[in-house]
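Contents: one structure, followed by commentary.
The values are calculated or read from the model by the stated rules, or taken from the named source; none is laboratory data. It should be emphasised that the depicted structure is a prediction, and the values quoted were computed from it without experimental measurement. For neighbour counting, all protein chains shown are included, and Cβ atoms are generated from backbone atoms with ideal geometry for every residue, glycine included.
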Amino acid sequence: MGLMATDGNLSPDGRHITFTSKDAQLAKVFCACLEIKKTIGKKSRGYESEKKYFVVSFSDRVFYDWMCSIGITPRKSKTIGSITMPSRYFFDFLRGCFDGDGTAYSYWDPRWRSSFCFYVGFVSASPPFLIWLRDEIESRIGVRGRITRADRVEQLRYSKYSAQTVFNTMYYKKNLPCLRRKLVKVQKILTIHKQHARVAKLARRTTLRW
């Protein structure tokens, strides 16, 4: 449902469900989670001629109605808000949101010597959805993100300790269904962070000895 909340679409006809992604692997994960055997097609967007997006489409009126009942509705991009779900599934839902419209990035801050910064974020065109995500995450793990404006969308962002905490709760065990590319990216970021923290700690000890 995290994937549907971000990259999914409910047709106005009341029965057709579509999921679109740039990643073929994520389309396969979507099918596996729903235990459906569908051919993954390709399509273009807007005025593009190249078909570089992977798409899964099927018809299921009962499933369609159920998604509407929990808060995933047609034309949801700017209107989606809170989603109704059992509490134990929240971080699986959040992992789906991260795979769909999430972002992770890092850099060395030039203002401070050897300062490594990294962030985990969630993007949406609907501020109420991000406010709901922020409040739900804070109530569960005690970290609070910051919502900022980015182009025509909003971004809920977590930095360093908070980002690491959010990441660890989304990937709470091995071999969870996820977009492998993003998992590996954040793992690399956290490895650099740990190595940098270890070096900084050794440097402080050396300074104290002198």
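Couple of notes before you dig in:
- Residue-level analysis places Thr79 outside the set of residues that are hydroxyl-bearing (Ser, Thr, Tyr) and closer than 27 Å to Val184 by Cα.
- When residues of the stretch 165-187 are limited to those that are in a helix (DSSP H, G or I) and either small (Gly, Ala, Ser) or free of Cβ contacts under 8 Å to residues at least 40 places away in the same chain (or both), the one surrounded by the fewest Cβ atoms within 10 Å (Cβ to Cβ): Val184
- Residue list for the stretch 79-96, restricted to those being outside any helix (DSSP H, G or I) and touching a residue at least 24 places away in the same chain (Cβ under 8 Å): Thr79, Ile80, Gly81, Ser82, Ile83, Met85
- Matching residues in the stretch 99-109 - criterion: being touching a Cys at 6+ places or on another chain (Cβ under 8 Å) and hydrophobic (A, V, I, L, M, F, W, C): Trp108
- Within the stretch 97-123, restricting attention to residues that are assigned to a loop (DSSP other than H, G, I, E, B) and without any contact (Cβ under 8 Å) to a residue 60 or more places away in the chain, the residue that is surrounded by the most Cβ atoms within 10 Å (Cβ to Cβ) is Trp112.
- Qualifying residues in the stretch 132-160 (those that are of a type in the set (A, V, I, L, M) and assigned to a helix (DSSP H, G or I)) - the one surrounded by the most Cβ atoms within 10 Å (Cβ to Cβ): Ile137
- One residue from Ser69, Ser57 being surrounded by fewer than 19 Cβ atoms within 10 Å (Cβ to Cβ), in a strand (DSSP E or B) and not assigned by TED's automatic domain parsing to the domain that holds Ile192: Ser57
- Considering the conditions (1) more than 17 Å from the chain's Cα centre (by Cα); (2) among the polar types (S, T, N, Q); (3) modelled with pLDDT of 95 or more, Gln25 is excluded by exactly one of them, (1).
- Any hit, the stretch 35-52, residues being without any contact (Cβ under 8 Å) to a residue 60 or more places away in the chain, closer than 14 Å to Gly2 by Cα and surrounded by 13 or more Cβ atoms within 10 Å (Cβ to Cβ): no
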